[in-house]
Amino acid sequence: RSGGRKYLDGGGARVDTGVAVSGGGAVIELHLPPHLPRGSYTAMWRLISADTHEVSGSISFGVGQDALAPPVAAPVADPLGLVDNIIRGILYVGMVLGVGLAATCRALWPWTMALRSTRVLTRAGWALVIASTVAQFVLAGPRLLGLGWSGVVHGAGLSVTAGSSAGAVLMLRIVLTTALVGSRRWWGVTGVAARSGRVGRAIAAVLAVGLASTVAVNGHAGVGHDAGLATAVTTLHLLAMSVWLGGLVALTVIVLPSRHADRLREWSAVAFACVAVLVLTGEYQAWRQVSPVEALWSTGYGLTLLAKLGVVAAMLGLAYWGRRKLSPATLRRSVPVEAALGVIVIAVTTALVAQPPARTVYGPPVALRAPLDDGRSTAIDLSTTRHGPIGITLAVVDAHGGVLQPQTVTATLSSVDAGIASLPVRLDPAGAGHWRSTYASAPRAGIWTLQVTVGFSATRSEERRVGKECRSR
C-alpha cells in the first residue's frame, strides 16, 4: 500500500510536484520541479504496508553541493495507530462471542440457545465485529494519507479505502457477518426444523470460516512468502482461539451457574482439540515471523510472543487441574480464572499483531576488528546488522589498544547479493581519533562488504575489507 510522500528543502518547505506509483505498488516516483535551486534536500516517505504496519524513512541529497548532514526531521507519526490496535482487540472479542460462544453453545449445550443471556452475548459479538470493521474502514484512509483525526472527521480517504484490496476485505467481512446473523433462524434441532437446522449449521460454519479468513488476511499472514498457506493457518488459529475462549465464557456465564451443567467431558475434548490446533498453527506462525531464533528474545515481537505463550501455559495448567477433577464444583473455581486469562491473551494478541514481525526488525549491533600492519587494526562498530540506515563508528588502534590518528579514512559498501558494486560511505572526524558515518545505508538485505582505506601518509595507506550479513530477510 502507499502512503505519505514528500520532498523538503533545507528550510522545511515542500518542493515535490506529484507522485506516481507503478510496479504493483513496489515503485514510487516523486516528481521534482526543474531547476531546483542550490541546496540540500530530503526525500521523506511514510507507507502503510500490506500487513497494516507503518514503514517510514528518508534520504538526503544535494543540488550543487553535498547533503552535509543526515536528515534530522522526526518520523511522521501515526496518531490513529493506537486506536486501530484497540479496534482490533474489540474485533477479537467479537469473534469470541459471535463465533466461539455461539458454536460451543449450539454444539454442546443447545438448551442454552433459548436463554436470554446466550442471545445477548452472541448478538453483542456480532455487533462488535460489524462496529470494529466499520471503524477500521473509516480509519484506513486517514492512516494511509497521514491525515490524523482531521481526516476522520471530514471522511477523507473513504474512496481510497473502498478502491483498495483491504477495503474489499473489510466490506466482505460485513457481508459475511450479516449473513451469519441471518442464518440463525435455521439453527433448529427438533421436528420439521431438524433438517434445515443441519443445513443452517453447515452454512454458518462456512460463513464463520470466511469471516475468520478476512481477519487473518489483513494482518501478518497476508503478506510475504506463502501468504496463501499462512492465511489458511492463521484462520485456523483464530477459529481455535475463538472456540476455546468462547466455550470458557459460555461455561462461566451460562452453563456452570445453571442447575444442569452437562457434557463437561465433551467440552474437555473440544478444548483439547482447540489447544492442539493453537499449538501447531502457532509454531508455524512463529517459524514464519521470528528469524533468526535470537529475535525471539531480542525484539518486541518476540518478547510479546513469549508473554502470550506464558499466559496460555497458565491457562493450560488450570485446564489440566480442572480436567483431573472434572466436576461442576471444581470448574466453578477454575474456569472463571481461565476466562480472565483468556482476556489477557486477547490483549497480548492485539499487541502482538500491532508490532512488525521479528524477522523484519532484528539486527543487533556488532563490533568488528580488521587487522592492519605492524600490529595495528581498525575497530569498527555497526549500529545494526539489518538493511537500511547504518551508523558506523571506527578507530585505528595500535597493538596495545591505543588510538592512532591516521591522515585519511575512507570507506565503501558493496554487496554481490544485492547487486550493488559500490556505495560511498562518508566518514567525518568524531574526535579523539574516531571517525563516524551517520547515514551509511545498506538498502537491501544480503551479505555486505565494508571496505575501509586508512591513510597514514600521503603515499601509504592500508585497505581492509570486513564482511557482514544484513539479517533482515
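Give me the net charge of A339's neighbourhood, meaning all other residues with Cβ under 14 Å from the Cβ of A339; Lys, Arg count +1, Asp, Glu -1.
Around A339, the charge tally is +1.
How large is the accessible surface per residue of the stretch 295-400, computed with a 1.4 Å probe and reported in Å² as a whole number?
So the stretch 295-400 comes to 46 Å² accessible per residue, rounded to a whole number.
Share of the stretch 118-173's accessible area from carbon and sulfur, percent, 1.4 Å?
So the carbon and sulfur contribution to the accessible surface is 74 percent.
Using amide H atoms built in the peptide plane, which far-off residues or other-chain residues are under 5 Å from L404 H to H?
For L404, the qualifying residues are V396, V397, D398.
I'd like the FRET efficiency for D381 and A313, computed as 1/(1 + (r/R0)^6) with the beta carbon distance as r and R0 of 25 Å, rounded to 0.05.
After rounding, the FRET efficiency stands at 0.05.
Just how much of R198 is accessible, in Å², when a 1.4 Å probe is used and the result is rounded to the nearest 10?
Probe radius 1.4 Å; accessible area of R198 about 140 Å².
Could you list which residues have their amide H under 5 Å from that of V425, counting only those 5 or more apart in sequence or on another chain, with H placed in the peptide plane?
A411, T412, L413
What list of ³J(HN,Hα) values in whole Hz, one per residue of the stretch 139-151 in order, does the Karplus curve 6.51 cos²θ - 1.76 cosθ + 1.60 (θ = phi - 60°) give from phi, with Gly and Pro shown as x?
7, 4, x, x, 5, 5, 8, x, 8, x, 5, 5, x
Could you pull out every residue, at least 5 positions away or on a different chain, whose amide H is within less than 5 Å of the one on R444? Hs are placed 1.01 Å off N in the peptide plane, and Pro or chain starts have none.
The list, which skips near neighbours in sequence, is G388.
Quick check on the stretch 190-305: take the gyration tensor over C-alpha atoms, sort the square-rooted eigenvalues as a ≥ b ≥ c, and tell me if it's rounded (a/c under 1.5), prolate or oblate.
Cα axes put the stretch 190-305 in the oblate bin.
Can you tell me the length gained on complete extension of the stretch A269 to V63, counting 0.36 nm per residue apart and subtracting the Cα distance?
Roughly 67.2 nm would be gained on extension.
Rounded, prolate or oblate, given the Cα gyration tensor of the stretch 246-309, with a/c below 1.5 counting as rounded?
Cα axes put the stretch 246-309 in the prolate bin.
So if R0 is 41 Å, what FRET efficiency would H35 and L158 give, r being the distance between their Cβ atoms, rounded to the nearest 0.05?
Calculated value: 0.60.
So if R0 is 35 Å, what FRET efficiency would R116 and S165 give, r being the distance between their Cβ atoms, rounded to the nearest 0.05?
The calculated FRET efficiency here is 0.30.
Distance from a point 7 Å along Cα→Cβ of R332 to each backbone N in the stretch 108-136: keep the residues under 15 Å and list them by number.
none
³J(HN,Hα) across the stretch 210-221 via Karplus (A = 6.51, B = -1.76, C = 1.60, θ = phi - 60°), whole Hz, x for Gly/Pro?
x, 4, 5, 5, 5, 6, 5, 5, 8, x, 4, 5
With Cβ to Cβ distances under 14 Å as the rule, what net charge do the other residues near Y92 carry (K, R +1; D, E -1)?
+2
Got a sec to turn the phi values of the stretch 399-411 into Karplus ³J(HN,Hα) couplings, 6.51 cos²θ - 1.76 cosθ + 1.60 with θ = phi - 60°, whole Hz, x for Gly and Pro?
Each residue's phi maps through the Karplus curve to give 5, 9, x, x, 7, 9, 10, x, 6, 9, 9, 10, 8 Hz.
Arrange the peptides 171-181, 245-255, 351-361 so that the one whose residues have, on average, the most other Cβ atoms within 10 Å appears first.
245-255, 351-361, 171-181
The values are calculated or read from the model by the stated rules, or taken from the named source; none is laboratory data. Predicted model only: the values in this text are computed from it and were never measured. Note that we place each Cβ from the backbone using ideal geometry, even for glycine, and neighbour counts take in every protein chain shown. Protein only, heavy atoms only, side chains kept; ligands, DNA and RNA dropped before computing areas. Shrake-Rupley method; radii C 1.70, N 1.55, O 1.52, S 1.80 Å.
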